[in-house]
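J.: One structure, as structure tokens, below. Some questions next.
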Amino acid sequence: MNVLDGDSQIEIIEVTAQKRVENIQKVPISIASFSSERIERMALRQLNEVAEFIPNLKMSQTNDFSSSIIIRGVGSHSRNIGFDARVGLYLDGVYVGQSPAHNQDLLDLERIEILRGPQGTLFGKNNVAGSINLITKKPEDEFSGNVGISVGNYDLRQYSAILNAPISDGLAAKFSVNQYQRDGFVENIATGSSLNEQDSYSYRGQISAKLSDSIEINFSIDSLKSDRLSFDGEPITNTLGTLKNTESPEQNKVSFDIDPQEEREISGESITVDWNIDNDFIVKSITGHRDSTIKFKNDFDFSAQSVAFLDYVDDYSQWSQELQLISPESDFQYVAGIYYFQQDAFTKRLPNVGDETLSLFTGVPRSDFEYGASLSDPESIFMLAAFHPGILSTIGNVDTTSYSMFFNSNYQFNNDIRLDLGFRYSTEQKSVDWTISSIDPQTNIPVIPIFELANGQVIDKRTDHDFSPLISLNYQVNHDVNAYIKYSTGYKSGGYNVDFLTQAQLDAGIEFDKETVASYEMGLKGDLFDHQMRFSSAIFYAKYDDYQINQLVNLTAGTTALSIRNAAKVKSYGAELELTYQLTDYLVLNAAAGLLEAKFDEFPAGGSNGEDLSGTSLPGVSDFTVNLSVQYYYPIPVANSQLSVSLSYNYQDDYNTDLDGQTTVTLADGEILGIGHVDGFGIINGAISLEQLDNGISLHLWVRNLTDEDSATILGEKSFFGTRRNIYVNPRTYGLTVKYYF
């Protein structure tokens, strides 16, 4: 528990971003650290809730099937097993994997570290946009624990417990468990259900064993299960996107004949061995295994009609092994490592196209065509065949094997100047065995052949090699201020577009090439006013070549198809500033701001209709984001406790969510509908806490989105059939958390 004791100097934050415990102000990386105390006081329960507090960081807020993490305007979701994420998520050094596993419960964490920019010389898996490290609290040699309960609006209920127990000298264990439920924010008036609910159960078990003065072993096992009605947007048009939606015109109401459903099972085990060998060298071994399975159903016509629904299952199983050699601290020190990663990914997707598809596209009841066909009318016979219902399918595997070696060193020339050099060499192989079919398996008849969906099988293998160097020069301006300039590189391996495609797309090939990034960064960090103020700043410029773009392209039938290809060039540049100022012994101000420009430098014929997108911004990029917060602590010695009050304001400037840069669309009746452009908005969060300074009961009264801001976060996004849909800020939530520490 973070407790102020009357010392007006800011507490030193230590991180392990460079595989050593270091003062965050000495690390030549643009890095943000989010403490367990802050997580608890602000009642943050899942990783995607942290993003609004960090400049130039975004995470999607709806379904976890295609969860995305974006740093400095660059990121992606990997709803496709042949397409990797750009931001790496790590749990105690183990790469967590693809999008369905990203939105983790924040269970018994010591801190979260957010590293911006390419990371590879210190991590086994290369990440072109950045990394997020979840660092858990390890077992300790004293008996302790806590139990907690939270209640709030939308019928929120959360139960948690942590037990830490020493077993013998040098051996301790810890078990943490969390159950979280909350009703949804969106009413499905067709079924009476509330969508975008939360219902998850997670646990973590840990054993720490100090076998000798030189060997320590940490074993961990964790699991998360989530079964909920998810959410993929509120339609603002009819299914085909031609007229305004009339089935559920109110915000936070939809009318779907099928409730979106999502089941996640995420689990993993890891063993970390730290071995102190001769001359203070350390050998570290991190062995990890993780499984992620997600089942996803969604009404992708976004209406009360029985037109079509998705039925997806994706499964990932991975092993990783990392070995590090960490040199003693000296004028020349380094970390050298080798890394192995194996992932077997399986997908089985069975969209069901219903009888009403024909009526949807023609405006004529299917029964009329059936009657015409009974009279041998050629047009009726053709239309029934062209829109034949049934089950489409894609099924197959994409397996990945990656080997790499990495090295990061620094040499201290004198008290003021340090040079960092590093590199990473990688070889990554992907193999695919995948089949797509538009032939109904029960009737053996083509399903909606008018859409020209593909039939075929792809068996292939590809290999990428990459050498990514890093160089950084660090200068100690004075005892409290450090500056650095850095050049770093990275790559993202190529892959395969294993999604629903047209025959033309399949015939043209589903493979895409690797992308690379070169990043330049300058930073200044330090403490001022006798360590009462701390600041961290950076300016950056990154250029991506062969950028892999994941987009929907328009088809002649009025529908869309997913395309993954290599855009020409993308550039991202801007600045970040984070500031902490301890005004008095008990009053702390925090400010963080980000400036950002991320755009396609060159992307001819990149639009969904073949437009030239060169010079257009990437979706979701705000020019300006800011977080302001204040924390006031009031000691209550007679109760051996403290009262704390926290208030934060998080603002993001306007941005565009449409890849083509559109801001309006004209409907069939001539009405012009605003899409794409989201106006800037701010969110206020607050908390009042009464915390025991030792064991006992602590209370946290919290509110998120205090003013009930209802801005859209995505405006007019297009779906397969052309439906335009919105996603809004989560409404005001509030509650009380009670914890007993022992």
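J.: For D155, are the conditions met, namely being of a type in the set (D, E, K, R), touching a Leu at 6+ places or on another chain (Cβ under 9 Å) and at pLDDT 95 or above? Steps first, answer last, please.
T.: Values: of a type in the set (D, E, K, R): yes; touching a Leu at 6+ places or on another chain (Cβ under 9 Å): no; at pLDDT 95 or above: yes.
Answer is no for this residue.
J.: May I ask you to list the residues in the range 367-415 that are buried (at least 17 other Cβ atoms within 10 Å of the Cβ), over 43 Å from the mean Cα position of the chain (by Cα) and not hydrophobic (A, V, I, L, M, F, W, C)?
T.: Answer for the range 367-415, where residues must be buried (at least 17 other Cβ atoms within 10 Å of the Cβ), over 43 Å from the mean Cα position of the chain (by Cα) and not hydrophobic (A, V, I, L, M, F, W, C): G372, S380.
J.: Here's a follow-up. Can you find a residue in the range 500-519 that is closer than 18 Å to L122 by Cα and of a type outside the set (V, I, T)? Step through it out loud before you land on a result.
T.: Initial filter on the range 500-519 (closer than 18 Å to L122 by Cα): 516-519.
The next check asks that each one be of a type outside the set (V, I, T); those that pass are 518-519.
Checked against the condition, which is being closer than 18 Å to L122 by Cα and of a type outside the set (V, I, T), the range 500-519 yields at least one hit.
J.: Right, something else. Take V283 and decide whether it is β-branched (V, I, T), surrounded by 16 or more Cβ atoms within 10 Å (Cβ to Cβ) and touching a Leu at 6+ places or on another chain (Cβ under 9 Å). Walk me through it before giving the result.
T.: Values: β-branched (V, I, T): yes; surrounded by 16 or more Cβ atoms within 10 Å (Cβ to Cβ): no; touching a Leu at 6+ places or on another chain (Cβ under 9 Å): yes.
In short, no.
J.: Does the range 23-60 hold any residues that are under 17 Å from G148 (Cβ atoms), in contact with a Ser or Thr (Cβ under 9 Å, 6 or more places away or on another chain) and free of Cβ contacts under 8 Å to residues at least 60 places away in the same chain, and which are they?
T.: R38
J.: Right, here's the next one. Filter the range 590-623 for residues that are under 21 Å from A538 (Cα atoms) and touching a strand residue (DSSP E or B) at 6+ places or on another chain (Cβ under 6 Å) and give the result. Steps first, please.
T.: First pass over the range 590-623, keeping only residues under 21 Å from A538 (Cα atoms): 590-599, 621-623.
Selection gives N590, A591, A592, A593, G594, L595, L596, E597, A598, K599, V621, S622.
J.: From V147, V74, V128, grab the single residue that is modelled with pLDDT of 95 or more and touching a strand residue (DSSP E or B) at 6+ places or on another chain (Cβ under 6 Å).
T.: Values: V74 fails: modelled with pLDDT of 95 or more; V128 fails: modelled with pLDDT of 95 or more.
Exactly one of V147, V74, V128 is modelled with pLDDT of 95 or more and touching a strand residue (DSSP E or B) at 6+ places or on another chain (Cβ under 6 Å), namely V147.
J.: Spot the failing condition for L693; the list is (1) farther than 30 Å from D585 by Cα; (2) surrounded by fewer than 17 Cβ atoms within 10 Å (Cβ to Cβ); (3) touching a Ser or Thr at 6+ places or on another chain (Cβ under 7 Å), and only one is missed.
T.: (1)
J.: Test each condition in (1) touching a helix residue (DSSP H, G or I) at 6+ places or on another chain (Cβ under 9 Å); (2) more than 21 Å from S536 (Cβ to Cβ) for T584 and report the one that comes out false.
T.: Status for T584: all satisfied but (1).
J.: Look through the range 624-665, keep the residues that are of a type in the set (D, E) and in contact with a strand residue (DSSP E or B) (Cβ under 8 Å, 6 or more places away or on another chain), and return whichever of them is surrounded by the most Cβ atoms within 10 Å (Cβ to Cβ). Break it down stepwise before answering.
T.: Step one: list which residues in the range 624-665 are of a type in the set (D, E), which gives 653-654, 658, 660.
Still in the running and in contact with a strand residue (DSSP E or B) (Cβ under 8 Å, 6 or more places away or on another chain): 653-654, 658.
Numbers: D653: 17, D654: 12, D658: 21.
Among those that are of a type in the set (D, E) and in contact with a strand residue (DSSP E or B) (Cβ under 8 Å, 6 or more places away or on another chain), it is D658.
J.: Can you tell me which residues in the range 67-83 are of a type in the set (S, T, Y) and over 9 Å from the mean Cα position of the chain (by Cα)? I'd like the intermediate steps shown before the answer.
T.: Taking the range 67-83 as the starting set, the residues that turn out to be of a type in the set (S, T, Y) are 67-68, 76, 78.
Of everything in the range 67-83, just one residue is of a type in the set (S, T, Y) and over 9 Å from the mean Cα position of the chain (by Cα), namely S78.
J.: Which residues, counting only those in the range 127-143, are under 16 Å from the mean Cα position of the chain (by Cα) and either of a type in the set (F, W, Y) or crowded, with 24+ Cβ neighbours inside 10 Å (or both)?
T.: Taking the range 127-143 as the starting set, the residues that turn out to be under 16 Å from the mean Cα position of the chain (by Cα) are 127-134.
Within the range 127-143, N127, V128, A129, G130, S131, I132 meet the criteria.
J.: Taking D344 as the residue in question, decide whether it is assigned to a strand (DSSP E or B), farther than 27 Å from V447 by Cα and of a type in the set (D, E, K, R). First the steps, then the outcome.
T.: Details: assigned to a strand (DSSP E or B): yes; farther than 27 Å from V447 by Cα: yes; of a type in the set (D, E, K, R): yes.
So D344 passes the test.
J.: Still on this structure: Are any residues in the range 609-628 in a loop (DSSP other than H, G, I, E, B), over 18 Å from the mean Cα position of the chain (by Cα) and under 30 Å from T580 (Cα atoms), and if so, which ones?
T.: Let us first name the residues in the range 609-628 that are in a loop (DSSP other than H, G, I, E, B), namely 609-616, 618-623.
Now restrict to residues that are over 18 Å from the mean Cα position of the chain (by Cα): 609-616, 623.
Passing the criteria: only D623.
J.: Turning to a different aspect of this structure: Would the range 420-442 turn up any residue that is in contact with a helix residue (DSSP H, G or I) (Cβ under 8 Å, 6 or more places away or on another chain) and in a loop (DSSP other than H, G, I, E, B)? Steps first, please.
T.: Taking the range 420-442 as the starting set, the residues that turn out to be in contact with a helix residue (DSSP H, G or I) (Cβ under 8 Å, 6 or more places away or on another chain) are 436, 438.
Now narrow it down to the ones that are in a loop (DSSP other than H, G, I, E, B): 438.
Checked against the condition, which is being in contact with a helix residue (DSSP H, G or I) (Cβ under 8 Å, 6 or more places away or on another chain) and in a loop (DSSP other than H, G, I, E, B), the range 420-442 yields at least one hit.
J.: In the range 1-50, which residue that is modelled with pLDDT of 85 or more and basic (K, R) is nearest to S648 (Cα to Cα)?
T.: Only one residue fits best here, namely R38.
J.: Pairs under 9 Å by beta carbon, first residue closer than 21 Å to S719 by Cα and surrounded by 16 or more Cβ atoms within 10 Å (Cβ to Cβ) in the range 596-611, partner aromatic (F, W, Y) and at pLDDT 80 or above, six or more apart or different chains?
T.: Listed pairs, sorted by first residue: G606/F600.
J.: Tell me, which residue of the range 181-217 that is surrounded by 21 or more Cβ atoms within 10 Å (Cβ to Cβ) and closer than 30 Å to G288 by Cβ is modelled with the lowest pLDDT?
T.: That would be S200.
J.: Could you look through the range 298-323, keep only residues that are surrounded by fewer than 20 Cβ atoms within 10 Å (Cβ to Cβ), at pLDDT below 95 and not hydrophobic (A, V, I, L, M, F, W, C), and pick out the one that is farthest from P365 (Cα to Cα)?
T.: This residue is Y312.
J.: Related question: Please indicate, with yes or no, whether at least one residue in the range 664-679 is closer than 30 Å to H531 by Cβ, outside any loop (DSSP other than H, G, I, E, B) and touching a residue at least 60 places away in the same chain (Cβ under 8 Å).
T.: no
The values are calculated or read from the model by the stated rules, or taken from the named source; none is laboratory data. Please read all numbers here as calculations on a predicted model, not as lab measurements. For neighbour counting, all protein chains shown are included, and Cβ atoms are generated from backbone atoms with ideal geometry for every residue, glycine included.
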